[in-house]
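For reference, the structure discussed in these notes is given below.
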Amino acid sequence: MEYGRDGRRDRGDRDRGQEKEKEFIEKLVKLNRTAKVVKGGRRFSFSALSVVGDRKGNVGYGFGKANDVSEAIRKSIEKAKRKMIKLPVKNGTIPHEIQGIFKASKVFLKPACSGTGIIAGGPVRAIMEAGGVTDVLSKSIGASSQYNVVKATFDGINRMMDARALSRARGKPIKEMWG
C-alpha cells in the first residue's frame with residue numbers, strides 16, 4: 001500500500017482519471033450571452049460552442065447552454081466528446097479536396113504540402129488543430145456564423161474518404177498517391 005504526504009492511503013485512480021482528461025485538446029469557439037428581461041431586471045444565460053480533439057484524427061463539437069459560463073462550457077465539452085468522429089489525416093494533411101455545406105455556409109478544405117501550416121479562419125482552424133492536421137488550406141464562403149461554419153466543416157469531414165478508400169476508388173496504390 002502506498003501512502004501520500006498526509007498519511008492517508010494514496011488512491012491511484014484519481015491520477016489515471018486526470019491523465020485521461022489531458023489526452024483531449026479543448027477549444028472554445030464561441031461564447032454567447034443572452035439576456036431575458038423580467039420584472040426584477042435582466043436574467044443572463046450563456047451558450048458555448050466547443051471543439052474537442054485528440055490530435056490523432058478524432059474530433060468533435062458540442063453546444064451547451066446554462067445560466068453560468070463554466071457550466072455552459074462544461075456541457076459543450078461533454079457533448080463534443082460524445083459526438084467525436086474520425087478525421088482522416090495522412091502526413092499532417094487531409095487526403096483530398098472537399099466542400100462542406102450547412103445552410104448558407106460553405107467551407108472548402110484543400111490538402112497542402114508540409115510546412116504550409118493551417119490557413120484557415122477561427123472555427124475551421126480550431127477543428128483542424130484539435131484533429132491533428134498541421135497543413136491545410138481552407139476558405140469559408142457564405143454565412144460566417146460560427147455555428148454554421150463548424151457544422152459545414154464537419155459535413156465536409158463526414159464526407160471525406162481516407163487514403164485507402166481514395167486509392168481504391170482511383171485504382172492507384174497508396175504509394176503513388178502519397179509519395
Of (1) in a strand (DSSP E or B); (2) at pLDDT below 95, Ser45 satisfies every one except (2)
Which of the residues that make up region 137-160 are aliphatic (A, V, I, L, M) and within 18 Å of Ser50 (Cβ to Cβ)? Val149, Val150, Ala152, Ile157
Expected single match for under 15 Å from Glu26 (Cα atoms) and of a type in the set (Gly, Ala, Ser) among Ala72, Ala66 is Ala72
How many residues are at pLDDT below 90 and of a type in the set (Ser, Thr, Tyr) when one looks only at region 145-176? 1
Any residue at all in region 115-124 that is under 20 Å from Asn32 (Cβ atoms), surrounded by 15 or more Cβ atoms within 10 Å (Cβ to Cβ) and either touching a Cys at 6+ places or on another chain (Cβ under 9 Å) or not small (Gly, Ala, Ser) (or both)? yes
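The values are calculated or read from the model by the stated rules, or taken from the named source; none is laboratory data. Values in this document were obtained by computation on a predicted structure and should not be read as measured data. We place every Cβ from the backbone using ideal geometry, glycine too, and count neighbours over all the protein chains shown.
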